[in-house]
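The values are calculated or read from the model by the stated rules, or taken from the named source; none is laboratory data. No experiment lies behind these values; they were computed from the predicted model shown. As a convention, Cβ positions derive from the backbone with ideal geometry for all residues, glycine included, and neighbour counts pool all protein chains shown. The area values use the complete protein model at the heavy-atom level, side chains included, leaving out ligands, DNA and RNA. Shrake-Rupley method; radii C 1.70, N 1.55, O 1.52, S 1.80 Å.
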Amino acid sequence: MTEPRGRGREETHEERADRQWSELLQELRVAQTGVQILFGFLLAVVFQSRFEDLGDIDRDIYVVTVMLGSATAAALIGPVSYHRLLTGRRMKPETVIWASRMTVLGLVLLFCTMCSTLLLILRVALHNETALWLVGGMALWFVACWFVFPVWALARGRSGGRDTGDGPGDGRGGKPSGRGSDAA
């Protein structure tokens, strides 16, 4: 059974941070697995016999793609390091905020890595400008799935702001935030 809308959870600021951290870790597990598989593929490409046949532009795209993959891995693994270094210092709410920001940055970098990887693969496979059109179309699809649809759902389903912990039970006597159980 779901809670009535606008009521929110009755949890302390620390309990909310613990829940949000657990939810963020689940999200990171999904993203990290995909990044690790993609990054492993990218690292193996350079050792393939056909790599020597790549032109200068494709080699440049490859280098950019590997660098983007590295940056993506760093951003999506960074929250784990952040948490580990701050554990026991009573900074869980701050850790959640910064880890969430790093995760969003990681998703943006993952978007760039995916587009760059697709561009490299499709240029090698198609040898023509169709690759650019296909990557452009897929880039729009990624943006829609990862950013536009969630923002659209937020705009349609919520008139209140983001859950900041000012709801009942947080020990600060704030008003209900207007959000249900999905405040992350």
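Heavy-atom accessible area per residue, segment 15-57, 1.4 Å probe: how many Å²?
Accessible surface, normalised per residue, equals 65 Å².
Considering Cα pairs under 8 angstrom that are at least six residues apart, work out the relative contact order of segment 1-120 and quote it in whole percent.
About 34 percent, as a whole number.
Using the per-residue mean of other Cβ atoms lying within 10 Å as a proxy for protection, in what order, highest first, do the peptides 125-136, 101-112 fall?
Sorting 125-136, 101-112 by mean packing, highest first, produces 101-112, 125-136.
Expressed as a whole percentage, what fraction of the accessible surface of segment 1-104 belongs to carbon and sulfur atoms when a 1.4 Å probe is rolled over the protein heavy atoms?
Ligands and nucleic acids excluded, carbon and sulfur reach 61 percent.
Once phi is turned into ³J(HN,Hα) by the Karplus curve 6.51 cos²θ - 1.76 cosθ + 1.60 with θ = phi - 60°, what whole-Hz value does each residue of segment 149-156 show in order, with x for glycine and proline?
Karplus-based 3J(HN,Hα) across segment 149-156 equals 4, x, 5, 4, 4, 5, 5, 7 Hz.
First check a/c for segment 62-106, with a ≥ b ≥ c the square roots of the eigenvalues of its C-alpha gyration tensor; if it is under 1.5, answer rounded, and if not, answer prolate when a/b is larger than b/c or oblate otherwise.
Since a/c reaches 1.5 and a/b is larger than b/c, the shape of segment 62-106 is classed as prolate.
Could you do me a favour and compute the accessible area per residue for segment 62-104, 1.4 Å probe, result in Å²?
58
Determine, for each peptide in 91-98, 79-86, the mean count of other beta carbons within 10 angstrom over its residues, then list the peptides with the highest first.
The most tightly packed comes first, giving 91-98, 79-86.
For segment 68-84, what does the Karplus curve 6.51 cos²θ - 1.76 cosθ + 1.60, with θ = phi - 60°, yield as ³J(HN,Hα) per residue in whole Hz, taken in order and with x for Gly and Pro?
Each residue's phi maps through the Karplus curve to give 4, x, 5, 5, 5, 4, 4, 5, 7, 8, x, x, 5, 5, 4, 5, 4 Hz.
Given axes a ≥ b ≥ c from the Cα gyration tensor, I'd like to know whether segment 14-163 is rounded (a/c under 1.5), prolate (a/b larger than b/c) or oblate.
oblate
Once amide H atoms are placed 1.01 Å from N in the peptide plane, what residues at a sequence separation of 5 or more from L54, or on another chain, have their amide H within under 5 Å of its amide H?
For L54, whose amide H was placed from the backbone, there are no distant partners under 5 Å.
Determine how large the accessible area of D18 is when every protein chain is in place; take a 1.4 Å probe and give Å² rounded to the nearest 10.
Accessible surface of D18 is approximately 70 Å².
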